[in-house]
Amino acid sequence: MEIQQIYNQLNPNNQLLARQLIMQMAQQQGIKVNMANKQKPPMKNLDLWIASLKGESKSPNTIKLYVNAARNILTHMPEPTELALQEYFAKRLEAVTPSRIANEQKAMKSLFKFLHKHGLYNGNPAADITTMRSRTAEVECPTNETIMALMRYNTRREKDRPRYRLMLFLLIQTGLRIEEACSIRRTWINIPACEVRVIGKGNKERTVPIGNTVTQLLKDFMELVEPVDSQWLFPGETVSGYWNHSGFRGALRLACKKLGLKPIHPHQLRHYFATRTLENGAKLEVISKILGHANVSITAEIYRHIQQKEYHDEHTKHNPLAQLPGANLLALPGGVVEGEFEEVKEPDERKADEPNGN
């Protein structure tokens with residue numbers, strides 16, 4: 001079989017690898033090779049990919065993370081192969097965390113899936129790369145004392161207080177992501193039902209209960225504070241038209257500083273909601289839906305420390321020794337009546353197997 005025929009039968013990834021190997025060997029021998037390649041390098045089509053990410057309703061932070069990762073990798077490898085990417089990610093383990101590598105892998109998988117699908121690149125070198133998994137970090141949950149201090153805090157400017165307090169109480173009461181809370185439209189709020197509609201990750205819609213306290217804050221805020229002609233609950237002078245999440249993040253950081261507290265991130269208020277409601281006996285499946293997780297296993301993994309505490313509590317209450325009066329006293333020195341230990345001899349199995357002489 002001719003070389004060209006063999007080449008034509010290779011899958012796109014192997015064709016790309018073969019082409020690059022030939023180019024490298026030719027360069028080593030000083031041979032000029034001009035293999036037809038009308039496709040642009042991946043870097044040249046980043047803008048098209050970015051537009052597709054926006055069309056998929058990816059968050060601005062996700063898009064920024066993906067694009068930065070792609071640019072960094074393509075700067076070192078303009079036309080990467082699967083082997084080159086695998087080697088790159090293996091070396092990255094020496095410098096960064098597995099979770100960061102996983103994000104970089106997701107970025108490359110997204111990029112080349114888009115390019116290959118639209119015929120902008122010959123092959124998908126990231127298709128068979130397994131996304132690295134890492135153990136979920138332990139959730140850092142604010143204490144009740146910290147939350148109470150933040151709720152009592154008044155911002156320096158009086159006009160900012162209603163917005164700050166509403167956002168703080170809303171995140172504590174619902175566990176919303178900060179971006180979800182900032183982008184709430186007034187028409188999504190159902191005062192009589194004490195609930196609000198939000199758009200979460202993947203452009204997925206869900207309805208979240210907000211409770212009586214936040215409902216009253218919302219009602220007062222909408223009637224007395226913000227202009228009724230805005231479609232957003234939290235209007236802001238931004239491109240999006242609503243209060244940027246960095247605004248509340250800054251207000252929260254300043255509040256912690258004024259109160260002498262360790263700085264916390266808005267996402268920790270989401271952890272606080274989930275942790276406390278689960279500790280108070282809420283069903284995992286219900287909290288998972290309120291949080292907007294894709295499936296309940298994600299919630300179980302993130303908040304496994306609560307389940308572990310529950311295991312210990314249940315064991316402490318119901319283990320056999322806990323049900324025996326005075327059993328714990330017997331475990332103390334002097335709690336056992338002393339006596340002689342008599343060794344129990346095992347029967348001679350050989351004699352036991354012998355037939356009876358009678």
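The values are calculated or read from the model by the stated rules, or taken from the named source; none is laboratory data. A quick note: this is a predicted structure, and the numbers were derived from the prediction, not measured. Counting neighbours? That spans all protein chains shown, and the Cβs are built from the backbone with ideal geometry, glycine included.
Remarks
- Matching residues, region 93-105, being modelled with pLDDT of 90 or more and touching a helix residue (DSSP H, G or I) at 6+ places or on another chain (Cβ under 7 Å): ILE101, ASN103, GLU104, GLN105
- The residue that is surrounded by the most Cβ atoms within 10 Å (Cβ to Cβ), among those in region 70-99 that are not charged (D, E, K, R) and not in a helix (DSSP H, G or I), is PRO80.
- In region 101-125, residue surrounded by the most Cβ atoms within 10 Å (Cβ to Cβ) [restricted to those that are in contact with a Lys or Arg (Cβ under 8 Å, 6 or more places away or on another chain) and under 17 Å from ASN68 (Cα atoms)]: GLU104
- Cβ pairs under 8 Å, 6+ apart, first in region 115-127 and touching a residue at least 60 places away in the same chain (Cβ under 8 Å), second among the small types (Gly, Ala, Ser) and in a loop (DSSP other than H, G, I, E, B): HIS116/GLY123; HIS116/ALA127
- Residues in region 166-224 that are in a strand (DSSP E or B) and basic (Lys, Arg): ARG185, ARG197, ARG206.
- One residue stands out among those in region 293-302 that are of a type outside the set (Val, Ile, Thr) and within 16 Å of LEU176 (Cα to Cα): the one that is modelled with the lowest pLDDT, which is ALA294.
- Failed condition for ASP128, given (1) farther than 30 Å from PRO42 by Cβ; (2) surrounded by fewer than 19 Cβ atoms within 10 Å (Cβ to Cβ): (1)
- Failed item in (1) touching a Ser or Thr at 6+ places or on another chain (Cβ under 6 Å); (2) surrounded by 12 or more Cβ atoms within 10 Å (Cβ to Cβ), with ASN203 passing the rest: (2)
- Residue in region 116-125 that is modelled with pLDDT of 90 or more and either touching a strand residue (DSSP E or B) at 6+ places or on another chain (Cβ under 9 Å) or assigned to a loop (DSSP other than H, G, I, E, B) (or both) present: yes
- Region 131-149 - residue that is in contact with a Pro (Cβ under 9 Å, 6 or more places away or on another chain) and either loosely packed, with under 10 Cβ neighbours inside 10 Å or closer than 21 Å to PRO266 by Cα (or both) and, of those, modelled with the highest pLDDT: ARG133
- Of all the numbered requirements in (1) under 17 Å from LEU291 (Cα atoms); (2) touching a strand residue (DSSP E or B) at 6+ places or on another chain (Cβ under 7 Å), GLY211 misses one, and that requirement is (2).
- Residues that are surrounded by fewer than 17 Cβ atoms within 10 Å (Cβ to Cβ) and outside any loop (DSSP other than H, G, I, E, B) within region 150-163 comprise MET151, ARG152, GLU158, LYS159, ASP160, ARG161, PRO162, listed in sequence order.
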